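*Asks:* Dropping the structure in here first, questions after.
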């Protein structure tokens, strides 16, 4: 966070030292600082300062310190807890879908001997990742509308007669989870596939010689060895899921208000800033979400075991 | 779960027991069902713009329309508010390309510095980069919006370009790349030959870093192209990029907004065409650069 200060300090120290010619280390240190500085400025401007400014806004009102008043106000907002519930249910459904299906599909794809088939499957799963944001939701508007949907028979079999029925409150968390799964699962399947490739063939062979079947091998060897990556997926998806915004926003616009403008927490924070002109309340909600994301991220960087090099 | 394992690869189908054969067939079936799940919506999107709304409602979903209809859908989309869609696409190109250039100019040297040089605060910078990299970018959107509105940058293209250019994942990828793929000895040898630090970077490191430049470029471009939330709050109206514009179009589709009183309306087929246009650049990048992207995603955390 204080790399700029540090670099200034380094420069100062360098000046104080007796000059013994330009040592290689010092030349390297100088170019290191020079190269890292522009990025560090961006890190401060768009990573750290926004967070600090949100903290400032969240604890003040018209510039005066008000303690936790803004937080209490948003917690008491009748829309806040329902939004927490919506996001929570969505995350649970989504994470279950992700873990069960991504792990299953990755192991199945990995078990396929035919290279072209396995490669094609991974490619097909991965392609929807090109669509994110508004465009994937836009496509799903069509898929979910029984009048034009390519799978209207399936929608009708599920008892969905209209688009509004498809995004009914009882179905919405599942619908949002399916959209998110459609967009993101392929990337994770590819990552899990990579993790499976790293498992030593000898271990699997030894298990097979001992009479373990494919299910047993998956359960007792492959899944335990994929643990770190599964944890990575769960934590990243959890953090991403709390941020839910574009899907319910576009659905709200398309569903004639069946999906609320205040369905998710980020939508609520948006309403505070844009409809109520209450930047302090908006900052308070954003800060709650940011705190969750930062906590998960810090936990994972230090405990996740994927970034030991750092 | 009941499919045989990769080492059965060698076994021929006829050597399998009936149970194993069934398990294998079931596994393949699951894979194909999911392949359909992932690909059917996209196929439909490719076909929809060739039909009229009436055909969309009445005909079989995968029946092809015709070229004439495609052209008339194209016409109606292009004439919507005087070709507003091109303004949006142009905005997207401008924001993403500008951000791409800045991202590469700051991330590659920063990743190099973190991997190949020693300076005070290096460790701290690396840890902070990791932490910020794992935070979903949407988590910082409203704080960035609040900050930018405090400095009166809202509505200025910089309000998208600058935040788009901050890309810690790119720095991390570059860092991983230089620390694994480029040997320090090589750089030391160049130094012994009298090369300055700047020359070492420009003449030795840069030519070796083409793969990572491509990788960071792809991720940055596709991520920014698809970004909706940030430009939605910082760049409204005619300055919006296509993702925001697409959602804007939606409010002119009577099928989804029967109460809409706008004079110009957009048909469902035209909306499908707009969606296709909006994803086309990223889809093309995905199709042609799949290998790069895939290797980059797995490189994100490997430490072998």
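*Asks:* Could you tell me which of the residues B:83, B:68 is at pLDDT below 90 and outside the structural domain of residue B:268 (by TED's automatic domain parsing)?
*Replies:* Answer to the check: B:68.
*Asks:* Okay, moving on. Quick one: which helices (runs of 4 or more DSSP H) sit completely within the stretch A:103-213 and have at least 3 residues that are more than 9 Å from chain B (Cβ to nearest Cβ)? First the steps, then the outcome.
*Replies:* Details: elements: A:103-111, A:115-126, A:134-144, A:152-157, A:163-166, A:172-197, A:201-209.
Helices (runs of 4 or more DSSP H) meeting the threshold: A:115-126, A:152-157, A:163-166, A:172-197, A:201-209.
*Asks:* Determine which member of the set A:298, A:217 is at the interface with another protein chain (Cβ under 7 Å from one of its Cβ atoms), surrounded by fewer than 17 Cβ atoms within 10 Å (Cβ to Cβ), in contact with a helix residue (DSSP H, G or I) (Cβ under 6 Å, 6 or more places away or on another chain) and over 20 Å from residue A:94 (Cβ atoms).
*Replies:* One residue alone meets the criteria, A:298.
*Asks:* How many of the residues in the stretch B:181-204 are within 27 Å of residue A:42 (Cβ to Cβ) and either away from chain A (no Cβ under 12 Å) or within 25 Å of the chain's Cα centre (by Cα) (or both)?
*Replies:* Here the count works out to 4.
*Asks:* Checking residue B:69 against (1) touching a residue at least 60 places away in the same chain (Cβ under 8 Å); (2) within 14 Å of chain A (Cβ to nearest Cβ), which single condition isn't satisfied?
*Replies:* If we test residue B:69 against (1) touching a residue at least 60 places away in the same chain (Cβ under 8 Å); (2) within 14 Å of chain A (Cβ to nearest Cβ), just (2) comes out false.
*Asks:* Which residue out of B:102, B:106, B:47 is part of a helix (DSSP H, G or I), under 26 Å from the mean Cα position of the chain (by Cα) and either facing another protein chain (nearest Cβ under 7 Å) or surrounded by fewer than 13 Cβ atoms within 10 Å (Cβ to Cβ) (or both)?
*Replies:* Checking each option against the conditions leaves just B:106.
*Asks:* Moving on. Which residues, counting only those in the stretch B:192-212, are outside any helix (DSSP H, G or I) and within 19 Å of residue B:176 (Cα to Cα)?
*Replies:* Filtering the stretch B:192-212 for residues outside any helix (DSSP H, G or I) gives B:193-196, B:209.
Within the stretch B:192-212, just B:209 meets the criteria.
*Asks:* Looking only at residues in the stretch B:265-304 that are modelled with pLDDT of 60 or more and not in a helix (DSSP H, G or I), which one is farthest from the chain's Cα centre (by Cα)?
*Replies:* Restricting to residues being modelled with pLDDT of 60 or more and not in a helix (DSSP H, G or I), the top hit is B:265.
*Asks:* Of the residues in the stretch A:232-288, how many are under 27 Å from residue A:47 (Cβ atoms), at the interface with another protein chain (Cβ under 10 Å from one of its Cβ atoms) and outside any helix (DSSP H, G or I)?
*Replies:* Residues flagged as under 27 Å from residue A:47 (Cβ atoms), at the interface with another protein chain (Cβ under 10 Å from one of its Cβ atoms) and outside any helix (DSSP H, G or I) within the stretch A:232-288 amount to 3.
*Asks:* Determine whether residue A:160 is over 27 Å from the mean Cα position of the chain (by Cα), surrounded by fewer than 23 Cβ atoms within 10 Å (Cβ to Cβ) and either in contact (Cβ under 8 Å) with a residue 12 or more places away in the chain or within 14 Å of residue A:253 (Cα to Cα) (or both).
*Replies:* It is true that residue A:160 is over 27 Å from the mean Cα position of the chain (by Cα), surrounded by fewer than 23 Cβ atoms within 10 Å (Cβ to Cβ) and either in contact (Cβ under 8 Å) with a residue 12 or more places away in the chain or within 14 Å of residue A:253 (Cα to Cα) (or both).
*Asks:* Taking the criterion of being more than 7 Å from chain B (Cβ to nearest Cβ), surrounded by 21 or more Cβ atoms within 10 Å (Cβ to Cβ) and touching a residue at least 60 places away in the same chain (Cβ under 8 Å), would at least one residue in the stretch A:41-57 satisfy it?
*Replies:* Among the residues of the stretch A:41-57, not one is more than 7 Å from chain B (Cβ to nearest Cβ), surrounded by 21 or more Cβ atoms within 10 Å (Cβ to Cβ) and touching a residue at least 60 places away in the same chain (Cβ under 8 Å), which makes the answer no.
The values are calculated or read from the model by the stated rules, or taken from the named source; none is laboratory data. Please read these numbers as outputs of a predicted model, since none were measured by experiment. Backbone-built Cβ (ideal geometry, glycine too); neighbour counts: all protein chains shown.
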